[in-house]
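Take a look at the structure below.
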Amino acid sequence: GNSVTQMEGPVTLSEEAFLTINCTYTATGYPSLFWYVQYPGEGLQLLLKATKADDKGSNKGFEATYRKETTSFHLEKGSVQVSDSAVYFCALSDGDYGGATNKLIFGTGTLLAVQP
Amino acid sequence: DGGITQSPKYLFRKEGQNVTLSCEQNLNHDAMYWYRQDPGQGLRLIYYSQIVNDFQKGDIAEGYSVSREKKESFPLTVTSAQKNPTAFYLCASTGGRGFNIQYFGAGTRLSVL
């Protein structure tokens, strides 16, 4: 079945450091890919998404490119801030875009801690 | 403002008790979902509903029940059959077929007394 694998955390960085959080997936068809962010004690917020191969999603300085050849969707940011400290989840849609259920399959999450 | 409201924020369950978590949305979304979040395990799907009066089991439905009598509401009952209910519960919704961005509530943290 479809699945998502994320790098384990926690990831601890100093402010202004470069961030990469790896995400790879296994899927049939052509799923959409997502990054969600969860701040302490809160629900998940969509950070960015990509719906087809070679698409680049971007938001708030974060970027991720849908790489079908390597089945990856790694999250990157050039210069992290203390306010970026959160848990980041990679996810894929279970089925093609427009699929009947719109279910999402989530990775286990990666905790990012940014120190001043 | 449109959004998803979950209540209560914190809930405590006694042995043998059923408890109900509320989820209300004013986004006019057709589909709604319940997830359970445990440390280090990501989110696991409990139940989902694509339309009023219809719902399907997710990956970990045992010990839970839901109803979908109104488009805006999708309450989750954690029954006494759920032996390990302590977790963070998240409700989400999406516009339906072809709209796969899920919007989440702030969650309910359930603990056992």
Going by the structure shown, is A:Ala64 of a type outside the set (D, E, K, R), touching a Lys or Arg at 6+ places or on another chain (Cβ under 8 Å) and without any contact (Cβ under 8 Å) to a residue 40 or more places away in the chain? no
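So, in the range B:5-41, how many residues would count as being of a type in the set (Phe, Trp, Tyr), surrounded by fewer than 20 Cβ atoms within 10 Å (Cβ to Cβ) and within 13 Å of chain A (Cβ to nearest Cβ)? Working first, answer last.
The first filter runs over the range B:5-41 and keeps only residues of a type in the set (Phe, Trp, Tyr), leaving B:10, B:12, B:33-35.
Checking which are surrounded by fewer than 20 Cβ atoms within 10 Å (Cβ to Cβ) leaves us with B:10, B:12.
If we keep only those that are within 13 Å of chain A (Cβ to nearest Cβ) as well, we get B:10.
Within the range B:5-41, residues that are of a type in the set (Phe, Trp, Tyr), surrounded by fewer than 20 Cβ atoms within 10 Å (Cβ to Cβ) and within 13 Å of chain A (Cβ to nearest Cβ) number 1.
Would you pick out the residues in the range A:19-30 that are more than 14 Å from the chain's Cα centre (by Cα) and under 14 Å from A:Ala50 (Cβ atoms)?
Applying the first criterion (more than 14 Å from the chain's Cα centre (by Cα)) to the range A:19-30 yields A:26-30.
Across the range A:19-30, the qualifying residues are A:Ala27, A:Tyr30.
Consider A:Ala50 carefully, then state whether it is in contact with a Lys or Arg (Cβ under 7 Å, 6 or more places away or on another chain), among the hydrophobic types (A, V, I, L, M, F, W, C) and either buried (at least 19 other Cβ atoms within 10 Å of the Cβ) or modelled with pLDDT of 95 or more (or both).
It is true that A:Ala50 is in contact with a Lys or Arg (Cβ under 7 Å, 6 or more places away or on another chain), among the hydrophobic types (A, V, I, L, M, F, W, C) and either buried (at least 19 other Cβ atoms within 10 Å of the Cβ) or modelled with pLDDT of 95 or more (or both).
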Filter the strands (runs of 3 or more DSSP E) completely within the range B:1-110 down to those with at least 3 residues that are of a type in the set (A, V, I, L, M). B:43-51, B:87-94
Just checking, does the range B:50-70 include any residue being under 11 Å from the mean Cα position of the chain (by Cα), among the polar types (S, T, N, Q) and within 13 Å of another protein chain (Cβ to nearest Cβ)? no
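What about A:Ala113, is it farther than 28 Å from B:Thr108 by Cα and either of a type outside the set (S, T, N, Q) or modelled with pLDDT of 95 or more (or both)?
On the way: farther than 28 Å from B:Thr108 by Cα: no; either of a type outside the set (S, T, N, Q) or modelled with pLDDT of 95 or more (or both): yes.
In short, no.
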Condition test on B:Thr108, is it within 14 Å of another protein chain (Cβ to nearest Cβ), within 13 Å of B:Cys23 (Cα to Cα) and β-branched (Val, Ile, Thr)? yes
Among strands (runs of 3 or more DSSP E) entirely inside the range A:1-114, those with 2 or more residues being of a type in the set (Val, Ile, Thr) and over 30 Å from B:Ile51 (Cβ atoms) are A:11-14, A:19-21
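The values are calculated or read from the model by the stated rules, or taken from the named source; none is laboratory data. Keep in mind that what you see is a predicted model, and the values were worked out from it rather than measured. Because the Cβ atoms are built from the backbone with ideal geometry, glycine has one as well, and the counts that use them run over all protein chains shown.
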